[in-house]
Amino acid sequence: MKRNSDKNLHQIFCYHSSSLQPPRWRWRWRWRSSHNKPSFKTFAFFLFFFLFFLFTLFIRLGWINAEIIYWRWRGEGVEKSRSNREGSWKATCPAHFRWIHEDLGPWRETGITREMVEGARKTAHFRVVIVDGRVYVEKYRGSIQTRDVFTMWGILQLVRWYPGKLPDLELMFDCDDRPVVRSNDFLDPKSSPPPLFRYCSDEFSLDIVFPDWSFWGWGEINIKPWRMVLKDIKEGNKRTKWKDRVPFAYWKGNPHVDPSRRDLLKCNLTQQHDWDTLLYVQDWDKESKEGYKQSNLEDQCTHRYKIYIEGWAWSVSEKYIMACDSMTMYMKPRFFDFFIRGMLPLQHFWPINDQSKCPSLKFGVQWGNNNTNQAEAIGEEGSKYLHENLKMELVYDYMFHLLNEYSKLLKFRPSVPPGAVELNPETMTGAAVGLHKKFMEDSLEKSPSDTEPCDLPPHDPKVLSEFREKKLNALKQVEIWEKEYWENQRKGN
Ligand SMILES: *[C@@H]1O[C@H](CO)[C@@H](O)[C@H](O)[C@H]1NC(C)=O
Ligand SMILES: *[C@@H]1O[C@H](CO)[C@@H](O)[C@H](O)[C@H]1NC(C)=O
């Protein structure tokens, strides 16, 4: 696969080196003048020419970056030249992309054999095969709602977004909530863990995380494709300035999916207790009958603090909560999806202790109301991370790099199994009805990306461990503040 970036680079270099080469007639002139007494002029010319020669040589050897010089010469910053000319091809991918290497780590030494892929079939809902830029699936069983269909749709859109760029591959996808490939079962370096793609994982599992279906819309509960939601929330954010928002921690959701959520509801404002929270139960049946008027995501950016809490696994609500410009109260999670690993406590969100939810929430709210500028900034940073680093273009880039790196590990030649069907937009939209059909039409990539994928940083365990340390320190910091606060409260009483 020839990458366009290489070609562009080559063109830039050729352009520069040829323009720097003195035309041929000068050689003749130099030849003739060398018969005469060497004058200062000749000497200066030789020096000049020699320097030019060195310059072009260095550019060719890559010791001088011709692009930077060119843009400096044009009087423009390098950063600007990057964003203007080539879009994102020179831009480095956001922080969460680094975990792609981590997720594929178990196979870095061994590669991925066909047997390993077949090993993942046990729980998979379908197999994806990409051969010659076409996408095929072999379906094994139905998923919850339309998760499977919208995940397939997403992969098809990726191929439309980057036509001809995706390598041949075969992978297994499991649409259920919780990770299933326990790392403890594969401690022996000779064991071969099955590579299994799903929407989230945890620190005890080897499942490979991939963007969830909702990026292309979640028809069952009327959540539009992410590209549109981001725009709506951006508008919604303008409606109420942070300092004018309700100074409580807000949550609305389904408490029945996990005991931890039922536990959260105990913190709601009552006559006896005020934990500075406002919690509501989302009744999807009622909402659907009333046309989802109460569940518009852009109307939910009216509180200074918004609580994120996992459900049975990670929760799709995370990105909608965090895009709100409110400070996210992030309940200590067990699972992670593909983008949260690039975010930090105290920078992008406020961490909440899941073992003492109510006091922890109350302290967070009070801290925020005492330090409004900082709390507003944390809310803004978190929201900015989503609006900039999780925009649809970069969701595709994540998928692209993950699949690209994955395919490099394959030790067999991918082939289309007899039972597989080719995905194509017409048959898929043709088979869908109602909102599902609408969301497919809305999220169809109508033209290929006009920029290259961002640059994936190489595997660097040092950067990741520094990041982990930063995260732990921030968590510890808040824990200490919280403890001190509640100890002082007890002493005061
Ligand atoms: C939480 O408290 C608010 C305000 O008192 C109330 O409107 C809401 O229904 C309560 N939520 C639950 C789940 O009880
Ligand atoms: C917020 O400020 C009040 C008044 O100064 C103080 O009593 C309280 O302890 C502060 N709370 C936090 C969490 O900083």
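Odds and ends about this structure:
- Stokes-Einstein translational diffusion, the stretch 304-348 - Kirkwood Rh over all Cα pairs, 1.002 mPa s, 20 °C, in µm²/s: 198
- For q = 0.19, 0.20 Å⁻¹, Debye-computed log10 I/I(0) when each Cα of the stretch 298-406 counts as one equal scatterer: -0.97, -1.05
- Pairs of alpha carbons in the stretch 130-184 separated by more than 13 Å make up 65% of all such pairs.
- Peptides 464-470, 329-335, 136-142, 278-284, ordered by how many other C-beta atoms sit within 10 Å of their residues on average, highest first, read 329-335, 136-142, 278-284, 464-470.
- A simple spin-label model places pseudo-atoms 7 Å from Cα toward Cβ; at Thr302 and Asp258 they are separated by 2.7 nm.
- Dimensionless Rg/Rh of the stretch 140-270 - Kirkwood Rh, Rg from C-alpha atoms: 1.05
- Amide H contacts under 5 Å for Tyr330, placed H, 5+ residues apart: Tyr308, Trp350, Ile352
- Distance between the modelled labels on Asp132 and Lys391, one decimal in nanometres: 3.6 nm (7 Å Cα→Cβ projection).
- Footprinting exposure proxy for Ser183, Ser288, Ser447 (fewest neighbouring C-beta atoms within 10 Å first): Ser447, Ser288, Ser183
- Exceedance of the 31 Å cut-off in Cα-Cα distance is limited, within the set Lys319/Lys462; Lys243/Lys319; Lys332/Lys446, to Lys332/Lys446.
- Restricting attention to the stretch 77-234, the count of lysine pairs at 8 or more positions apart or across chains with alpha carbons under 21 Å apart stands at 5.
- Neighbour-count ranking [beta-carbon atoms within 10 angstrom, fewest first] of Met428, Met228, Met322: Met228, Met428, Met322
- Cβ crowding within 10 Å ranks Tyr199, Tyr396 as Tyr396, Tyr199, fewest other Cβ atoms first.
- Inter-site label distance for Glu479 and Thr372 at 7 Å from Cα along Cβ, in nm: 3.3
- In terms of its Cα atoms, the stretch 205-344 spans 45, 35, 35 Å along the principal axes, sorted from long to short.
- Across the stretch 221-234, rounded Karplus estimates of 3J(HN,Hα) from the backbone phi angles (6.51 cos²θ - 1.76 cosθ + 1.60, θ = phi - 60°) give 10, 6, 9, 5, x, 3, 3, 6, 4, 4, 5, 4, 5, 4 Hz, Gly and Pro being marked x.
- For Thr277, distant residues with modelled amide H under 5 Å away: Ala249, Leu269
- Using the Karplus relation 6.51 cos²θ - 1.76 cosθ + 1.60 with θ = phi - 60°, the per-residue 3J(HN,Hα) values for the stretch 344-356 come to 10, x, 6, 9, 10, 7, 10, x, 10, 7, 7, 7, 9 Hz, with x marking Gly and Pro.
- Filter on Lys470/Lys491; Lys241/Lys384; Lys357/Lys476; Lys252/Lys362; Lys266/Lys306 - keep pairs with C-alpha separation over 24 Å: Lys470/Lys491
Values quoted throughout were computed directly from the atomic coordinates according to the rules given, and no laboratory measurement underlies them. If you're wondering where the values come from, they're calculated on a predicted model, not measured in any experiment. Please note: Cβ atoms are built from the backbone with ideal geometry, for glycine as well, and neighbour counts cover all protein chains shown.
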